[in-house]
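Where a number appears in this text, it was derived from the coordinates with a stated rule and is not lab data. Quick caveat, the model's predicted, so the values are computed rather than measured. With ideal geometry, Cβ positions are generated from the backbone for all residues, glycine too; neighbour counts draw on all protein chains shown.
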Amino acid sequence: MEVQRTEDLDREAAPLREQLVATLESAGVLTDPAWREAFRRVPRHVFVPAYYDPSGLRICPEEPRLRRTWLVGVHSDEALVTQRTSGEPTSSSSQPSLMATMLHELRVADGQQVLEIGAGTGYNAALLAHRLGDDAVTSIDLAPGLTAAARAHLAAAGHAPCVITGDGADGWAERAPYDRIIATCRIDAVPTAWLRQLTEDGIILAPLGHGLVRLHRTGEAQAGGPFLGTAYFMPLRTETSGRGRAVPVDADPAEARTTRLSATDSADDGFRFLVSIIEPDLEWSRDLSAGRERCGVRVRAADGSTARLDRENRVAEAGPRRVWARLEEAHQVYEAAGRPGPERFGLSVDGDRQRVWLDSPDGPSWPLPRSQGRPEEATSPP
């Protein structure tokens, strides 16, 4: 009975998978014949036996009334939440068009070794294994439950790459060096272990903040390269994730000062891209009037620094740093440069010293806070 059910699902999924491939081709993100064949052959439904819709409802084929919804959803060009912990999403299957873009930008070649940070469902590892072979792919994730499920999904799809349970920030030295390292989770700075485990001409492709950056190794602990566009991923979970978050200090409205950075300016998508890198994990919230109109903005940084902006464009700050002042400085550079998109930014890495820059490494730049303990001042070109 189980074999028959599997065969029925495979037959029903095949045309939907062809539709997904056609969608990705039409979007211009699946131009490489090798990757097109991988998406055509790897069965996504095997890797997403269930997912959660935006309301939190679990969609799975075991529920007869949801079976078709599940199958169509699995073959849509959408990111799907596959695991929730305490009500919060903690694992997902990424949007296929973004996956196709990243795999193309990874620039792999036959015979290369790839390390994937964030095994997730195993779907991306299967695409890599179809393209390069099982022995060429190593995938790592922190949670034993996730890696066990990924191995099972991969085996069901006919693949057996190396799937490791461990801290992705440490990479996996036992199978190094790698020609390519790809992260399918957001990072706030590039772990130096990744650089040490790259070949001399290796490439790292990773979501940093809300952007996708591609780095070429230029030295033992050095790399650099451009941002390729926006990308939204769940953060990399490590052995120390979520520990020691500072208690915020409430800003006193009586100490407010006038600011040129308005609530509207702070919500600009391009500016928020820059903020996601120089102030990772910054939390934004809105103050609403009795009539539900926006009358202010609040921000809170990981170190407990806070700022409160009122409707008169007056801001009050508290905590160890003046976080709104840092945003003002960044916005001034952003405005002067003509509100640049992600493609005008890049990243330079020299061990623990990592800086995001605008237009060139000699242009305006900002240090990555996670790479140096606490934020420093931005620098302007000489």
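Data table
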item: Convex hull volume of segment 59-190 per residue (C-alpha atoms, cubic angstrom); result: 122
item: Among A150, A183, A27, residue whose mean-square fluctuation peaks in a GNM of the chain (springs only between Cα atoms under 10 Å); result: A27
item: At 1.567 mPa s and 4 °C, Stokes diffusion of segment 1-138 via Kirkwood alpha-carbon radius, µm² per second; result: 82
item: Amide H within-cut-off set for S91, under 5 Å, with H built and near neighbours excluded; result: T82, Q83
item: Fully extended contour minus Cα-Cα distance, from D10 to E255, at 0.36 nm per residue; result: 81.8 nm
item: Rg to Rh, two decimals, where segment 5-65 supplies the alpha carbon set and Rh follows Kirkwood; result: 1.04
item: Size of charge dipole - the chain - debye, nearest 20, with Cβ of Lys, Arg +1 and Asp, Glu -1, no other charges; result: 600
item: Segment 36-188 - percent relative contact order, Cα under 8 Å, separation 6 or more; result: 21
item: Total formal charge among the other residues, if their Cβ is under 12 angstrom from that of V46, Lys/Arg +1 and Asp/Glu -1; result: +2
item: Gained length - R84 relative to E18, 0.36 nm times residue gap less alpha-carbon distance; result: 20.8 nm
item: Whole-Å semi-axes of the ellipsoid equivalent to the chain (Cα gyration tensor, √5λ, descending); result: 38, 26, 19
item: For peptides 45-53, 114-122, 277-285, sequence by mean Cβ density within 10 Å, most packed first; result: 114-122, 45-53, 277-285
item: Estimated distance in nm for a label pair at T218 and N313, the labels positioned 7 Å out from Cα along Cα-to-Cβ; result: 3.9
item: Overall Cα dimensions of segment 119-176, principal axis frame, Å, largest first; result: 27, 24, 14
item: S262-A148 FRET efficiency (beta carbon distance; Förster radius 41 Å; 0.05 resolution); result: 0.25
item: Folded to 0 to 90 degrees: helix 96-106 orientation relative to the chain principal axis, Cα; result: 80
item: Among beta bridges that DSSP assigns inside the chain, antiparallel share in %, nearest 5; result: 75
item: Rough spin-label spacing in nm, given labels placed 7 Å along Cα→Cβ, for S76 and D201; result: 4.3
item: For segment 143-213, alpha-carbon Rg over 2.2 N^0.38 Å; result: 1.20
item: Most fluctuating residue given options V72, V42, V213, as computed from a GNM of the chain linking Cα atoms under 10 Å; result: V72
